[in-house]
């Protein structure tokens, strides 16, 4: 099969190689998927740039998300799944073989059913962003009736979070960085949309919540936002954060958060309990079966443009998913 791989850490153009590899065979509990679309997420670029797993695997085929059709199953996997359309989650997490290839082998539970009403592009958008959104919202239980603040709400994770939170009966305050994106997140169902570049976010949240603050923050920029957190979150509220790229070791206003009994929940989806992953898979499947999640593609690339796709993600300029057509 044709595949991209890297054997050392670095920039995409310097380390990604395209070549022929032996088509993998599924092992116990695994399925093999003939890829239609591979997705590139920021986590894929970080893994390649830092070489996080090269000490464990001398050659890594990148990309965690994608979609395609199951064409073979291993022992203990359901043979009836051959021919099933699927979306993938975490194909390369703790494993050397991701979706930047014509075929991918992964645990059967991480290949999820893709309804006929959803395209392969739709399926490739899900994976990491949708599961991240679910975990950030529901890690502490039901959010019906709560007020949720979603930062970076027009991003890959944020736009799924807005939709999931509204479907769960929450009120959503969204922050974005432009007038275009305000219109976008309001169209997704957000009750309020704020521009973090021009609005006074703490003052606006106080006004919207009658001075009580929000029940929960789903935060894409923990380090940049934590100074404002005591003014944003109500007593006994929660801040769930999945990224802090701008400040890896942020200064935290501990006493202010302590006296409000605020819970800080940093999380990484690949290491969370399998039960939590399964709950996310089930909920995402229910939503897409009912056409309750919309997807946004920011850019499409051909298979021989995989390096350009990785570079596009690293610019941070894409508004939507970065997809690579495999077949």
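The values are calculated or read from the model by the stated rules, or taken from the named source; none is laboratory data. Small disclaimer: the values here were computed from a predicted structure and weren't measured. Every residue, glycine as well, gets a Cβ built from its backbone with ideal geometry; the counts of neighbours run over all protein chains shown.
Overview of results
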| item | result |
| --- | --- |
| Breaking point among (1) in a helix (DSSP H, G or I); (2) touching a helix residue (DSSP H, G or I) at 6+ places or on another chain (Cβ under 9 Å), for residue 223 | (2) |
| The lone exception for residue 321 - which of (1) over 16 Å from the mean Cα position of the chain (by Cα); (2) buried (at least 19 other Cβ atoms within 10 Å of the Cβ); (3) under 30 Å from residue 2 (Cα atoms) it fails | (1) |
| Residues being surrounded by 24 or more Cβ atoms within 10 Å (Cβ to Cβ) and in a strand (DSSP E or B) - total across region 80-102 | 3 |
| Within region 150-164, tally of residues that are closer than 22 Å to residue 289 by Cα, touching a residue at least 60 places away in the same chain (Cβ under 8 Å) and crowded, with 24+ Cβ neighbours inside 10 Å | 6 |
| Members of region 239-267 found to be part of a loop (DSSP other than H, G, I, E, B), more than 16 Å from residue 227 (Cβ to Cβ) and at pLDDT 95 or above, listed by number | 242, 243, 261, 267 |
| Qualifying residue in region 43-55 (condition: in a strand (DSSP E or B), under 19 Å from the mean Cα position of the chain (by Cα) and under 28 Å from residue 248 (Cβ atoms)) | no |
| Residues of region 56-77 that turn out to be out of contact with any helix residue (DSSP H, G or I) (no Cβ under 7 Å at 6 or more places or on another chain) and in a loop (DSSP other than H, G, I, E, B), as a count | 7 |
| Filtered residue count, region 277-318, keeping only those that are modelled with pLDDT of 95 or more and assigned to a loop (DSSP other than H, G, I, E, B) | 7 |
| Selection from region 178-199 of residues that are farther than 24 Å from residue 280 by Cβ and either buried (at least 24 other Cβ atoms within 10 Å of the Cβ) or in contact with a strand residue (DSSP E or B) (Cβ under 6 Å, 6 or more places away or on another chain) (or both) | 182, 186, 192, 193, 194, 196 |
| Residue under evaluation residue 117, criteria (1) more than 27 Å from residue 220 (Cβ to Cβ); (2) modelled with pLDDT of 95 or more, criterion not met | (2) |
| Flag if residue 107 is assigned by TED's automatic domain parsing to the domain that holds residue 89, closer than 19 Å to residue 321 by Cβ and modelled with pLDDT of 95 or more | no |
| Filter result for the condition that a residue is touching a strand residue (DSSP E or B) at 6+ places or on another chain (Cβ under 6 Å) and in contact (Cβ under 8 Å) with a residue 40 or more places away in the chain, over 132, 147, 175 | 147 |
| Among residues of region 140-182, those that are part of a helix (DSSP H, G or I) and within 18 Å of residue 224 (Cα to Cα), counted | 2 |
